[in-house]
1. Amide H neighbours of residue 57 under 5 Å, counting only residues 5+ apart in sequence or on other chains, H built in-plane at 1.01 Å?
2. Using a simple spin-label model with points 7 Å from Cα along the Cα→Cβ vector, what separation in nm is obtained for residue 202 and residue 315?
3. Taking all protein chains as present, what is the carbon and sulfur share of the accessible area of region 183-287, in % to the nearest whole number, probe 1.4 Å?
4. Take residue 214 and residue 35, extend 7 Å from each Cα along the Cα→Cβ direction, and tell me the distance between the two endpoints in nm.
5. Just to confirm my numbers, what's the Cα centroid distance between region 189-206 and region 239-259 in Å?
6. Can you list residues whose amide H is under 5 Å from residue 131's amide H, if they're 5+ apart or on another chain and H is modeled 1.01 Å from N?
7. Ignoring ligands, DNA and RNA, how do 385, 124 rank by accessible area with a 1.4 Å probe, largest first?
8. For region 183-287, what is the accessible area per residue in Å² when the probe is 1.4 Å?
Amino acid sequence: MSESSSTPEHPSAGLPVIQLSQLLRAPVVARSGDVVGRVEDVIVRLRGADEYPLVTGIVAGVGGRQIFVGSGSITEYAPGRVMLAKNKIDMRGFERRDGEVLLRADVLGHRLIDVAAVELVSAYDVELEDTGQGWVLARLDTRRPPRLFGLIKSAGGHASRDWKAFEPLIGHDRSRAVRGLAGRVGAFKPADIADLLEEADKAEGGEILDQVRSDPELEADVFEELDPEKASRLLNDMPDTEVAALLGRMRADDAADAIADLRQSRRRRVLDLMPAPQRTKVITLMGFNPDSAGGLMNVDFVSCGLAATAGDALAIIGAARTVQPEALLKMHVLDEDKQLAGVVSVIALLQAGPSENVAALMDSDPVRVTADADLTDVALLMADYNLYAIPVVDDEDRVLGVVTVDDVLEATIPEDWRRRDPAPRPMRDTAEGTATDDHEATTSAD
């Protein structure tokens, strides 16, 4: 149904443009001059992230029916009208094809991801541009239109953001394959993706999450950053096997929190499906008060014996690929009874000679806490002693785990602070070399 055409990769400045708002409900005029219908929507075909979507036709309302009119049957797209090449049109009804998007229904009706700002925005108008080899979707207007006596005025004429600066969340499978969503969303920081998921509605969140799942490690990182309530809702929609696999890749302390938020009837089933080493860690952590050092700690940490050298200790740290980076800032030195003999910082190890003994470098009386120490005590100790991590020990001074400063911050920041809008991002150069900020100007995400 849709004609193909070759278009330049980038529209050029000064070419003819039309706002979508200028076309919707505009008359469809036959060659004779008679009005045969009205423009209900404009159809584009997505062609991947590196090309602008090509306008392939319109959906025209004719006698109460929705009719497809291809661009090959149209001689002119103009503000306020669409001119046909003939006096008659094919009355076959419109049927969407793979890769086709309806601009009014799918773009104006859905939010998009602003790639530069990593936030969800709404498009209030769309700008089409005639490249000379076909019309393309070139720009969007993401500014809310003004209201006059409670009515929204048209935002036409203000579409200034490049289409390539966005990832659409359209909500149907037939265009997903050519949207290229995974490539750019997968490059976002896990915390940014978590923020998107928390703001998204169920359909939007499902589409974002589908793309994140293509990278299991990224998916685990994102769930670690999610608000517990949001994570719980998403996990409730997943089968037990998927939940167990996901929690098996997460940090044990975050996995324990997620397990605790599951319905009681699911907890044992999910635990039984988890990898045995992770299940043991999670069950251990679930035995502590969530607001205590035991509930906050990460059970993965690095340690060495008193006879180890600085070179030995650095090699252990370098090989600990699965340990949380914040937990690698200190090497825990254990005596022959596995009791905590001291700690030595990574900086001290790096500045020492490889053959120097860790016993000569370590703090032999480090700050430590027991598992029942409360959050306030841990936070005060970190502040008083300028610590990034504190070992948690049992009654015999054996290390159970380590509490890191990021976990303390997460637990102490008030919930309403988390809902604050972030500060504007600093100015930076875009791909075209033009300084922009995240609230204005066009950004190319190529």
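1. Excluding prolines and chain starts, which carry no amide H, the hits are 43, 71.
2. In this crude label model, residue 202 to residue 315 measures out at 5.5 nm.
3. Here carbon and sulfur together make up 49 percent of the probe-accessible area.
4. 4.5 nm
5. 18 Å
6. When sequence neighbours closer than 5 places are left aside, the close amide H contacts are 136.
7. Of 385, 124, the descending order of accessible area is 385, 124.
8. So region 183-287 comes to 46 Å² accessible per residue, rounded to a whole number.
The values are calculated or read from the model by the stated rules, or taken from the named source; none is laboratory data. Since this is a predicted model, take the numbers as computed values, not measurements. As a convention, Cβ positions derive from the backbone with ideal geometry for all residues, glycine included, and neighbour counts pool all protein chains shown. Ligands, DNA and RNA are excluded from the accessible area calculation, which covers all protein heavy atoms including side chains. Shrake-Rupley method; radii C 1.70, N 1.55, O 1.52, S 1.80 Å.
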